[in-house]
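Enquirer: The structure that follows is given in the form of structure tokens.
The values are calculated or read from the model by the stated rules, or taken from the named source; none is laboratory data. It should be emphasised that the depicted structure is a prediction, and the values quoted were computed from it without experimental measurement. All Cβ positions, glycine included, derive from the backbone under ideal geometry; neighbour counts span all protein chains shown.
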Amino acid sequence: MKKFFIASLVLAPVAAGLFATAPTDVPELTARAALLMDAATGITLFEKNADELIPPASLTKLMTIHVAEKEAAERGISLDEPVSLPKQSWAVNQPPRSSLMFLAQGQIVSLNELFLGMAIPSGNDAAIAVALNFAPTTDAFARLMNREAVAFGMKNTVFVEPSGISEENITTARDFALFCREYLRLYPENLEKYHSTPSFSYPKPSNLRPSMQNRTNTIVQNNHINLLYTFEGVDGLKTGYIDEAGYNIALTAERNGTRFIAVILGVPAELGSRWGTRARDADGAALLTWGFNNFKTLRPEIPAIPEARVWKGRTNRMPLALAENDPAITLPVDRGDGIRCETSLNDIIAPLPQGTPAGHITFYDEAGKIATMELVTLKDAEAGGLFKRLWDSVMLFFINLTRRR
């Protein structure tokens, strides 16, 4: 008997009792593991065996792109500049059954093209080329990948190489959804630049030296994400397959301001290529349909935020702001009418640093409370002079005495 989990317990800290009754149209999935997340809030809406360890296969290439982008930015390397193609990255030197961009000796290629070669045809050769432009070996690059996984809080993820061909790469649906959320936050432009591009042509004449440009032999490969063409709103991210994992996919889709992330791992390899990819697509479509049918992301209008009272400080008032850059709320589709809010401020005592919690805004709809958002100080509050601190101490004593009565 299959088990499915609605993440009501996950939602409870955000909005206790928000879901009076759990949705009943929960999809049954072929995959061994899956997770659906609201990309804006990070709230988990659905999970099935979300902590089972499964090789990510070519989903690994998303982490390879992230590490390369980060390293390029830190080193001042343009993504449009030509990079080297070490012998280990040539297509002829890849393991049997590898997906390929078809890199070869003497070609001229940029990081942008290599990223496309990873995102669309899922080229293992492209992943090796990228890795060896930022590290002396693929092992060393994998250490950079693992450093980033730790930084993102991916507790059960380990990478041993950058292409995903090894079954020793390990992740979970929960870990990988967490990573996908951070990836989209860091590189929202990559959806259009790489992941939703329908096809990839390589090599082009510009990739070849002048003496070779009359023998281009360009190969056109289509994006492996079939739902780009059949499911409204899908614009990424990546598919993957190795025998040890089965058929994997990391999907994202946006409709009317609501974006979901769906990670599906372990559609059985025994189904074969034709039926395995169909089952993977069916799982993705079912999970995203269920998400859009039952949930939405609400971004309520934020009222003018009053200043907080500062005691024992050089100034008596402190401007505040929301702690979250994106004040979003995950709600059932039938909630969110008649939004109102209440602001509650704390008295704060100097000295204290910027970002200190100083109150909260609570949002309500017609059915009750839906969310609470924290307010924090916008700058440091420096301590006042001796007389100011003494005077405010006396004032606070009498205020607290009155409050106890």
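Enquirer: Go through segment 316-350 and give me each residue that's in contact (Cβ under 8 Å) with a residue 60 or more places away in the chain, under 15 Å from Val376 (Cβ atoms) and not in a loop (DSSP other than H, G, I, E, B).
Expert: Residue satisfying the conditions is Met318 alone.
Enquirer: Considering each of Ala50, Ala104, Ala57, Ala34 in turn, give the residue that is farther than 30 Å from Thr289 by Cα and out of contact with any Asp or Glu (no Cβ under 6 Å at 6 or more places or on another chain).
Expert: Result of the check over Ala50, Ala104, Ala57, Ala34: Ala104.
Enquirer: Filtering segment 272-288 down to residues that are free of Cβ contacts under 8 Å to residues at least 60 places away in the same chain and either among the charged types (D, E, K, R) or in contact with a helix residue (DSSP H, G or I) (Cβ under 7 Å, 6 or more places away or on another chain) (or both), which residue is nearest to Asp175 (Cα to Cα)?
Expert: Ranking the candidates gives Gly284 first.
Enquirer: Can you go through Gly246, Gly266, Gly291, Gly313 and tell me which one is more than 27 Å from Asn190 (Cα to Cα), small (Gly, Ala, Ser) and in contact (Cβ under 8 Å) with a residue 24 or more places away in the chain?
Expert: Gly313
Enquirer: At pLDDT 95 or above, assigned to a strand (DSSP E or B) and more than 14 Å from the chain's Cα centre (by Cα) - does that describe any residue in segment 268-280?
Expert: Checking segment 268-280: not a single residue is at pLDDT 95 or above, assigned to a strand (DSSP E or B) and more than 14 Å from the chain's Cα centre (by Cα).
Enquirer: If you go through segment 61-72 one residue at a time, do you hit one that is outside any helix (DSSP H, G or I), on the phi < 0 side of the Ramachandran plot and touching a residue at least 60 places away in the same chain (Cβ under 8 Å)?
Expert: Within segment 61-72, none of the residues are outside any helix (DSSP H, G or I), on the phi < 0 side of the Ramachandran plot and touching a residue at least 60 places away in the same chain (Cβ under 8 Å).
Enquirer: Further question on the same structure: I want to confirm something. Restricting to segment 299-327 and keeping residues that are in contact with a Gly (Cβ under 7 Å, 6 or more places away or on another chain) and not basic (Lys, Arg), which single residue is nearest to Gly257 (Cα to Cα)?
Expert: Leu320
Enquirer: Yes or no: Asp365 in contact with a helix residue (DSSP H, G or I) (Cβ under 9 Å, 6 or more places away or on another chain) and in the same structural domain as Asn316 (by TED's automatic domain parsing)?
Expert: For Asp365, the condition - in contact with a helix residue (DSSP H, G or I) (Cβ under 9 Å, 6 or more places away or on another chain) and in the same structural domain as Asn316 (by TED's automatic domain parsing) - is not met.
Enquirer: Additional query: Quick one: what pairs do we get from segment 75-93, first residue surrounded by 11 or more Cβ atoms within 10 Å (Cβ to Cβ), second among the acidic types (Asp, Glu), C-beta under 7 Å, 6+ apart or different chains?
Expert: Close Cβ pairs (under 7 Å, with a partner that is among the acidic types (Asp, Glu)) amount to Ser89/Asp125; Trp90/Asp125; Ala91/Asp125.
Enquirer: More than 22 Å from Ala39 (Cα to Cα) and either exposed (fewer than 12 other Cβ atoms within 10 Å of the Cβ) or assigned by TED's automatic domain parsing to the domain that holds Ala358 (or both): does that describe Ala328?
Expert: Spelling it out, it is not the case that Ala328 is more than 22 Å from Ala39 (Cα to Cα) and either exposed (fewer than 12 other Cβ atoms within 10 Å of the Cβ) or assigned by TED's automatic domain parsing to the domain that holds Ala358 (or both).
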